[in-house]
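The values are calculated or read from the model by the stated rules, or taken from the named source; none is laboratory data. What you see is a predicted model, and the numbers here were worked out from it, not measured in a lab. Glycine also receives a Cβ, built like all others from the backbone with ideal geometry; neighbour counts cover every protein chain displayed. Surface accessibility is based on the protein's heavy atoms, side chains included, excluding ligands, DNA and RNA. Shrake-Rupley method; radii C 1.70, N 1.55, O 1.52, S 1.80 Å.
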Amino acid sequence: MSESMRKLRVGCIQITVSANKAENVARAVEKIREAKKRGAELVVLPECFNSFISNDYYGKYAEPIPGETTNILSKLAKELEIFIIGGTIPENDGDKLFNTATVWGKSGELMGKFRKMHLFDIDIPNEMTFRESDSLSPGNELTIINIKDFKIGLGICYDVRFEELAKLYRKQGCNLLVYPSAFGMKTGPLHWELVGRSRANDNQLYTVLTSQGRDLNGPYVAYGHSYVADPWGKMLFMAGTDDELFIVDLDLDVVDKVRSNIPIFIQRRADIYDTVQKN
Ligand SMILES: NC(=O)CCC(=O)C(=O)O
């Protein structure tokens with residue numbers, strides 16, 4: 001097996017968004033070009049990279065897929081010969097809205113899309129209330145993408161809290177989970193790092209969490225601090241709060257090593273408990 005197939009250089013892009021969709025997309029394009037120059041083979045954008053995170057905006061900013069924003073990603077992937085996980089955009093399909101991630105291959109082809117499965121509905125009285133389900137519908141399908149020898153499971157932000165989803169991906173052989181995200185300021189400080197490192201450690205795989213940058217004047221203030229955790233649960237890199245591009249090198253030897261050193265996956269008592277996919 002070729003050594004280079006087992007390594008992947010990932011460009012993680014943290015960007016703030018404004019009310020101007022075209023500007024948001026242009027900012028993402030600029031960062032993807034920069035990531036290519038720095039050797040990235042795969043780039044990952046944050047959740048809602050072309051729109052504010054807000055029930056007031058999802059409907060107005062929504063597009064079909066393919067559509068205006070994703071056509072730009074497709075063309076760019078082809079031009080730069082790079083894989084793009086296009087963060088998420090609000091998607092309209094019939095009379096429904098979804099929060100959707102798309103993945104674009106080096107020929108500009110749509111390799112897959114994932115619709116946020118667990119909608120961000122929380123209520124911490126007087127501090128943070130959000131009900132994505134007021135405007136969005138949930139997705140019902142897991143999405144796995146193969147790039148080189150990496151088997152990549154997709155989730156979106158709040159999905160990272162659900163170990164069952166990550167475990168299903170692990171059971172299907174994933175060695176990398178990618179979560180375009182934008183945690184808020186209430187839960188971010190306590191949970192943002194905890195959940196992504198936990199999913200990495202529980203399932204002995206890499207986790208990539210890209211966030212919107214923090215804009216204190218927007219309708220939704222993202223925590224920022226995009227990061228990558230390795231299969232030991234170790235933080236490889238964490239961004240600050242402003243716009244930032246960082247590059248990380250992933251290596252499947254690290255996955256193999258931790259799985260052989262601490263073989264929890266085969267030691268699970270599946271005779272007593274299990275996580276099963278129902279559809
Ligand atoms: N956009 C989201 O799904 C936010 C998730 C979040 O902040 C959390 O605490 O979970």
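Since Asn92 meets every condition but one in (1) more than 12 Å from the ligand (Cβ to nearest atom); (2) crowded, with 24+ Cβ neighbours inside 10 Å, which condition does it not meet? Every listed condition holds for Asn92 apart from (2). Just checking, does the range 61-73 include any residue being touching a strand residue (DSSP E or B) at 6+ places or on another chain (Cβ under 6 Å), assigned to a helix (DSSP H, G or I) and open to solvent by 20 Å² or more (accessible area, probe 1.4 Å)? Yes - at least one qualifying residue is present in the range 61-73.
The number of residues in the range 41-80 that are farther than 16 Å from Arg115 by Cβ and of a type in the set (Val, Ile, Thr) comes to 3. Any residue at all in the range 167-176 that's among the basic types (Lys, Arg), touching a residue at least 40 places away in the same chain (Cβ under 8 Å), open to solvent by 50 Å² or more (accessible area, probe 1.4 Å) and under 18 Å from Val255 (Cβ atoms)? Within the range 167-176, one or more residues are among the basic types (Lys, Arg), touching a residue at least 40 places away in the same chain (Cβ under 8 Å), open to solvent by 50 Å² or more (accessible area, probe 1.4 Å) and under 18 Å from Val255 (Cβ atoms). When Gly87, Gly105, Gly112 are checked against the criterion of being within 16 Å of the ligand (Cβ to nearest atom), touching a strand residue (DSSP E or B) at 6+ places or on another chain (Cβ under 6 Å) and open to solvent by less than 30 Å² (accessible area, probe 1.4 Å), Gly87 stands alone in meeting it. Counting only strands (runs of 3 or more DSSP E) that sit wholly inside the range 139-229, those with at least 2 residues that are near the ligand (Cβ under 10 Å from one of its atoms) are 176-181. Within the range 124-137, which residues are more than 12 Å from the ligand (Cβ to nearest atom) and in contact with a Lys or Arg (Cβ under 8 Å, 6 or more places away or on another chain)? If the condition is that a residue be more than 12 Å from the ligand (Cβ to nearest atom) and in contact with a Lys or Arg (Cβ under 8 Å, 6 or more places away or on another chain), then Ser137 is the only one that fits. For the range 31-48, enumerate the residues that are assigned to a loop (DSSP other than H, G, I, E, B) and either out of contact with any Pro (no Cβ under 8 Å at 6 or more places or on another chain) or over 13 Å from Ile84 (Cα atoms) (or both). Those that are assigned to a loop (DSSP other than H, G, I, E, B) and either out of contact with any Pro (no Cβ under 8 Å at 6 or more places or on another chain) or over 13 Å from Ile84 (Cα atoms) (or both): Arg38, Gly39, Ala40, Glu41, Glu47, Cys48. Being more than 16 Å from the ligand (Cβ to nearest atom), within 18 Å of the chain's Cα centre (by Cα), surrounded by 14 or more Cβ atoms within 10 Å (Cβ to Cβ) and under 30 Å from Glu30 (Cα atoms) is the requirement here; does Leu236 meet it? So Leu236 passes the test.
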